[in-house]
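Trainee: Pasting a structure below so you can have a look.
The values are calculated or read from the model by the stated rules, or taken from the named source; none is laboratory data. All of these numbers come straight from a predicted model, not from anything done at the bench. Cβ placement follows ideal geometry from the backbone for every residue including glycine, while neighbour counts extend to all protein chains displayed.
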Amino acid sequence: MRSLTFSSTLIGIEAHLVGVEVVVSNGLPGLTVVGLPDAAVSEAGARVRSALKLTGVNLPPRRMVVNLAPADLRKTGSGFDLALALGLLEAMGEIPQGILQDCLVVGELSLAGEVRGVRGVVCSLTLARRTERISRILLPACQIGELPQWSDIEVVPIENLEQAMRYCRGEVALESTPSSVMSSPKTAVSNDLRDVRGQALAKLGLEIAAAGGHHLALSGPPGCGKSLLASCLPGLLPPMTEWEVAEVAAIASVCQERTDSRVRPFRAPGNGISSAALLGGHQPGEVTRAHRGVLFLDEFPEFRRDSLEALRVVLEEGQVKISRARFRTIYPAHFTLVCAMNPCPCGRFGVAGEICICTPNQVQRYRSKLSGPLLDRFDLLVSLTRVPLVESSEVEAEESSEAVAQRVSDARKLQADRGFLNRDLRGPNLLQALGWKNQDRTFAYQLAENSRLSMRAFEKWLRVARTVADLKQAESVSRRELLIARSVRFSVDAEESLVS
Ligand SMILES: [Zn+2]
């Protein structure tokens, strides 16, 4: 007797279709799994045997061969258990023939037959939706809350093997409706700008960063609110499209994290993080977990130098290429980078009323950890000061994130019409996007000449000015926007000294 069903294996954050073919025949009793299984797949036999026994089905003393196709694709993980058990049941005639041929089945089995969650269940759902021959997916009931919206496929949540058997025999109906999912609470950090007192310039910087997608560097003494400001950024970004939500849900599912994928991610790894954890390996790294959201690196110069160098490439390409022995994959990594740093190792350099105890050498070494090419990716460098206590306790109404997010959303629409996010504007595209008048162009070039701006710094200034104009729904960049952009970016001298 023979049966065929489908399951999936994960490579990176993509699920691949695997045919599970079971043949029960006369011969030496035993269960063999072939088709490049890894250890977890090979061990499925023991789990399935026990789960079937405790569900009341004894395997017959016959020869059972399970073939996982395609044979040249490495199969990893424990997600094949349920497919294998149901395949055996079909081949043994315990459930109707052909019932599983349009099913994708994923789930790990406990020895008692309960169905346990697996990594990447959202990726399996995506695979099932885009595969024509699949019209149903059987998956662990405990993971139903991880799924994004769907309407085009039947999703069957399974709690245990016995329930799966009864479902296949038509004794129970188990369909899940899309409206019942995603009821998990919001766990992502997103503070409101209303909670930030003072710091008008930094808030403007944050708004510009959100509107133009600009990477942002915040410099200021410890305790001036850099982390709080950064955590407000996800709440300013426009809502994600359905496609983006699916991507974020897939990544969270592979990392086995329960978050609300409708909320843009905010990741803030500590500076002791290894390159592998930051960039990814067999599992997605922090840059991928921040995909479509914000990556915040506090104490930026304290991060490992090789990590920062690698980060530069990720920012340029918007993805991470992992290439190891037997494992190659590409992870997406589109995010806004916010980094925070102190002005010097002790944090008091240039702070009014405080004395810096660092030697000039220490200050120089601290700043030189930021390589020029990486710093080059930041369009915005905003300098913060401590807000005096008197000012911070004054109860004046601050603008809410919601109001700012509306302006950001409108500004993004203008950029969508131009076809470029402002942070990606370069050369001729940038000059064309400015749409400026002759006198404003002359003004900009003269100002740049007087303050000896490099070409690179000049372009950053213009990009930021374009975003300032977008926030006002202005078609062209005028002298006013140029001056606002100049005041938000921290003193050009400071930046040049950081680069050199
Ligand atoms: Zn110092």
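Trainee: Here is a list of conditions, (1) more than 16 Å from the ligand (Cβ to nearest atom); (2) crowded, with 20+ Cβ neighbours inside 10 Å; (3) not charged (D, E, K, R), and residue 273 meets all of them except one; can you say which number that is?
Mentor: Failing condition for residue 273: (2).
Trainee: Let me ask something additional. Being surrounded by fewer than 21 Cβ atoms within 10 Å (Cβ to Cβ) and closer than 20 Å to residue 336 by Cβ is the filter here; which residues of the stretch 430-455 pass it?
Mentor: Matches in the stretch 430-455: 430 only.
Trainee: If I go through the stretch 118-136 residue by residue, how many of them are closer than 15 Å to residue 258 by Cα and over 21 Å from the mean Cα position of the chain (by Cα)?
Mentor: 0
Trainee: In this structure, is residue 352 among the aliphatic types (A, V, I, L, M), closer than 30 Å to residue 208 by Cα and at pLDDT 85 or above?
Mentor: Numbers: among the aliphatic types (A, V, I, L, M): yes; closer than 30 Å to residue 208 by Cα: yes; at pLDDT 85 or above: no.
Judged against the criteria, residue 352 is not a match.
Trainee: Search the stretch 429-457 for residues that are within 26 Å of residue 419 (Cβ to Cβ) and pair each with any residue that is among the acidic types (Asp, Glu) when their beta-carbon atoms are under 8 Å apart and the residues are at least 6 apart or on different chains.
Mentor: Listed pairs, sorted by first residue: 430/459; 435/475; 456/376; 457/495; 457/496.
Trainee: Among residues belonging to the stretch 258-294 that are out of contact with any Pro (no Cβ under 8 Å at 6 or more places or on another chain) and among the aliphatic types (A, V, I, L, M), point out the one that is nearest to residue 241 (Cα to Cα).
Mentor: Filtering the stretch 258-294 for residues that are out of contact with any Pro (no Cβ under 8 Å at 6 or more places or on another chain) and among the aliphatic types (A, V, I, L, M), the one nearest to residue 241 (Cα to Cα) comes out as 287.
Trainee: Restricting to the stretch 203-226, what's the tally of residues that are part of a helix (DSSP H, G or I) and either in contact with a Phe, Trp or Tyr (Cβ under 7 Å, 6 or more places away or on another chain) or surrounded by 23 or more Cβ atoms within 10 Å (Cβ to Cβ) (or both)? Spell out the reasoning first.
Mentor: Initial filter on the stretch 203-226 (part of a helix (DSSP H, G or I)): 203-212, 226.
Going one step further and asking which of them are either in contact with a Phe, Trp or Tyr (Cβ under 7 Å, 6 or more places away or on another chain) or surrounded by 23 or more Cβ atoms within 10 Å (Cβ to Cβ) (or both), we end up with 205-212, 226.
Final tally of qualifying residues: 9.
Trainee: Please tell me if residue 296 is within 28 Å of residue 379 (Cβ to Cβ) and either within 16 Å of the ligand (Cβ to nearest atom) or assigned to a loop (DSSP other than H, G, I, E, B) (or both). Before the answer, list the steps.
Mentor: Values: within 28 Å of residue 379 (Cβ to Cβ): yes; either within 16 Å of the ligand (Cβ to nearest atom) or assigned to a loop (DSSP other than H, G, I, E, B) (or both): no.
Here the answer is no, as residue 296 does not meet what is asked.
Trainee: Assuming residue 305 fulfils every condition listed in (1) modelled with pLDDT under 85; (2) out of contact with any helix residue (DSSP H, G or I) (no Cβ under 7 Å at 6 or more places or on another chain); (3) over 30 Å from residue 345 (Cβ atoms) apart from one, which condition is it?
Mentor: (3)
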